[in-house]
1. Could you give me D for the range 213-319, from Stokes-Einstein at 4 °C and 1.567 mPa s, where the hydrodynamic radius is the Kirkwood radius over C-alpha pairs? Units µm² s⁻¹, please.
2. Under the definition of Cα pairs under 8 Å and six or more residues apart, what whole-number percent is the relative contact order of the range 321-467?
3. How are the alpha carbon pair distances in the chain distributed across 10 Å bins from zero to the largest one, expressed in percent?
4. Given a Förster distance of 25 Å, report the FRET efficiency between V158 and L198 from their Cβ-Cβ distance, rounded to the nearest 0.05.
5. Could you tally up the Lys pairs in the range 285-384 with alpha carbons closer than 18 Å? Skip any pair fewer than 8 positions apart unless they're on separate chains.
6. Just to be sure I understand the model, the point goes 7 Å from the Cα along the line to the Cβ. What's the resulting E298 to E142 distance in nm?
7. Find the centroid of the Cα atoms in the range 23-75 and in the range 175-190, then give the distance between the two in whole Å.
8. Once amide H atoms are built 1.01 Å from N in the peptide plane, which residues 5 or more positions from V437, or in another chain, come under 5 Å H to H?
Amino acid sequence: MKKLVKGGTVVTAADVYKGDILIEGETISAIGANLQDPDAELIDADGLYVFPGGIDPHTHLDMPFGGTTTKDDFETGTVAAAFGGTTTIIDFCLTARGAPLEKAVQTWHDKARGRAVIDYGFHLMIAEMNDDVLSELPRIIESEGITSLKVFMAYKNVLQADDGTLFRTLLSAKEHGALVMVHAENGDVIDYLIAKALAEGNTDPIYHARTRPPELEGEATGRAAAMTALADSQLYVVHVTCAEAVRQIAEARSKGFRVFGETCPQYLVLDESYLEKPDFEGAKYVWSPPLRTKEHQEALWNALNSGELQTVGSDQCSFDFKGQKELGRGNFSKIPNGGPTIEDRFTILFSEGVCKGRIGLNRFVDIVATRSAKLFGMFPRKGTIAVGSDADLVLFDPNAERTIAAAGHHMAVDYNAFEGMKVTGEPVSVLSRGQFVIREKRFVGKAGAGRYLRRNKFGEASYVRVE
Ligand code: URP
Ligand code: ZN
Ligand code: ZN
């Protein structure tokens, strides 16, 4: 039952040091120099970094969306996550107007139970705030430990909620200790621009980006931040893509408001020109908000380095090119939005961030693991390497070089968004609560081994309850 990780360089959000880690059962029981334990299985980490397991705060697995369902489910998605160095995900539980929240949560439990190979929690979408939702919400927050609520400001007539719902959600979150998350784009104006583009015969994937300009992301981000300030609540803006939105978050934070921001690997390394790839291949790069021009990438990296943005989520929402992305041939608005990113989030951040000098090692760990644990009520059980924490560890070779390719990736989809990208650094072995999930680059985990995480309320610093 014991394991001793020896000779690695331990990296947390605060420290970098040579140290051994003793694991007893599911947790870390000792950290120190030259630890010995004759009963422990030795794991050689010489020449490797030992990182806390990555936390991906933004995934959509087995989710109906855009007239189809995401290709990766809780099994394929979490296997791919583990290969990429992620040991915890938080997935979005969709709800429908007028239906009980509890029913949606049970549906999401059914999707994940028996399939996830790493630990997982849920965020809960609020489609419409009304008296029924208001009365059901405190129980969901308390007993399910779902302490983050998602409001979509875009996807008109599908997921979009109105400003009244967002404001009432912020008020309720303040009262009950939840963090409100927003997809910040002005859905009403986008709806108009899409109809206009299609009426003018502009149907190619690039018009997805042209009908969702950065001004509309900046505007929605500022609107959500203003409501947060008025409600004295807390806000997390998902998938920030542009300088306009970063400015709104930075301004709110400079005034002392509890406003946080996440970006995603695709916005850091891909740009709008990908949407113009021939033979409809641009559809592979349709995300909302869309990929931006290169200048925005610099703004995002700077914001991650300065702390104006705090996290990088994958926004994993994968669809095959064949048969799924192709639903939008002849009409860009019917291309299912999203892409496969869960496997490469951690390594891209290391390779493009740390290796290229854009962020330091400690900041890297904060961005890919620690900050999400803190914001989403899981710290210090998750997101760090400390005595008493879960033994979620990534043994990472910082010198490995490889080229990302769909051939050989572990997601269920037929393409990789980062195809051909050369990266430095690779997870070699990954442990979840003391058990190998990946050992020497081979999957040795088990479907159903992942546990549901009941998370603490926003701002509460104590251990998560694990079922
Ligand atoms: O295009 C995206 N981002 N798809 C996933 C759904 C969402 O908006 O996060
Ligand atoms: Zn979104
Ligand atoms: Zn998303």
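1. Details: Rh = 14.2 Å.
Rounded, D is 92 µm²/s.
2. Answer for the range 321-467 is 23 percent.
3. Spelled out bin by bin, the chain gives 4, 22, 33, 27, 11, 2, 0, 0 percent.
4. 0.90
5. Details: K294/K356; K322/K334; K325/K334; K374/K382.
For the range 285-384, qualifying lysine pairs total 4.
6. If labels sit at E298 and E142, their model points lie 5.3 nm apart.
7. 30 Å
8. The answer is V430, L431, S432.
We did not get these values from a lab; they are worked out from the coordinates using the rules stated. Everything numeric in this text was worked out from a predicted model, so none of it was measured. Cβ coordinates were reconstructed from backbone atoms using ideal geometry, including for glycine residues, and neighbour counts include every protein chain displayed.
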